[in-house]
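The values are calculated or read from the model by the stated rules, or taken from the named source; none is laboratory data. Just so you know, these numbers come straight off a predicted model, no measurement behind them. Backbone-built Cβ (ideal geometry, glycine too); neighbour counts: all protein chains shown. We work out accessible area using only protein heavy atoms, side chains counted, and drop any ligands, DNA or RNA first. Shrake-Rupley method; radii C 1.70, N 1.55, O 1.52, S 1.80 Å.
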Amino acid sequence: MSRPPEPNHEALRHELSRLRAEKRLTYDKLAELTGLSRTVLINLEHGTTRGSLDTWHRVAHGLGVPLGSLIDQLCRGHRPPS
């Protein structure tokens, strides 16, 4: 039996960085929009921490994107189950 592929956390953090830059949001502004600390956001984007589902939910809302568009990044590089 084969093992399932590992989630691509690198792609998830890069998507956060890309969206934050695209929307021209500073860490301070995104912190204001999400209720998360600037430090948490920096740690998520730099890969120091992975964050909980609740955290990513708040990030998605702060960025104005569906949570699924962020979480889908975890399957980048492999086919998600059907």
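Quick check on the stretch 51-82: of everything there that is surrounded by 14 or more Cβ atoms within 10 Å (Cβ to Cβ) and among the charged types (D, E, K, R), which residue is modelled with the lowest pLDDT? Show your work before the answer.
First, pick out the residues of the stretch 51-82 that are surrounded by 14 or more Cβ atoms within 10 Å (Cβ to Cβ): 51, 55-63, 65, 67, 70-76.
When the remaining residues are screened for being among the charged types (D, E, K, R), the result is 58, 72, 76.
Details: Arg58: 98, Asp72: 93, Arg76: 90.
Among residues in the stretch 51-82 that are surrounded by 14 or more Cβ atoms within 10 Å (Cβ to Cβ) and among the charged types (D, E, K, R), the one modelled with the lowest pLDDT is Arg76.
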Criterion violated by Gly77 - all others in (1) in contact (Cβ under 8 Å) with a residue 40 or more places away in the chain; (2) in a helix (DSSP H, G or I) satisfied: (2)
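Keeping to the stretch 1-12, report how many residues are open to solvent by 60 Å² or more (accessible area, probe 1.4 Å) and part of a loop (DSSP other than H, G, I, E, B).
Narrowing the stretch 1-12 to residues open to solvent by 60 Å² or more (accessible area, probe 1.4 Å): 1-7, 10.
Narrowing further to those that are part of a loop (DSSP other than H, G, I, E, B): 1-7.
So the count comes out to 7.
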Only one residue in Leu63, Leu30, Leu74 is more than 12 Å from the chain's Cα centre (by Cα) and among the aliphatic types (A, V, I, L, M), so which one is that? Leu30
How many residues are open to solvent by 90 Å² or more (accessible area, probe 1.4 Å) and under 23 Å from Pro80 (Cα atoms) when one looks only at the stretch 15-50? 2
Expected output for the stretch 1-15 (first residue within 25 Å of Val59 (Cβ to Cβ) and among the charged types (D, E, K, R), partner open to solvent by 80 Å² or more (accessible area, probe 1.4 Å) and modelled with pLDDT of 90 or more, Cβ below 8 Å, 6+ apart or cross-chain) is Arg13/His46
Could you please give the count of residues in the stretch 13-61 that are part of a loop (DSSP other than H, G, I, E, B) and farther than 17 Å from Ile71 by Cα? 8
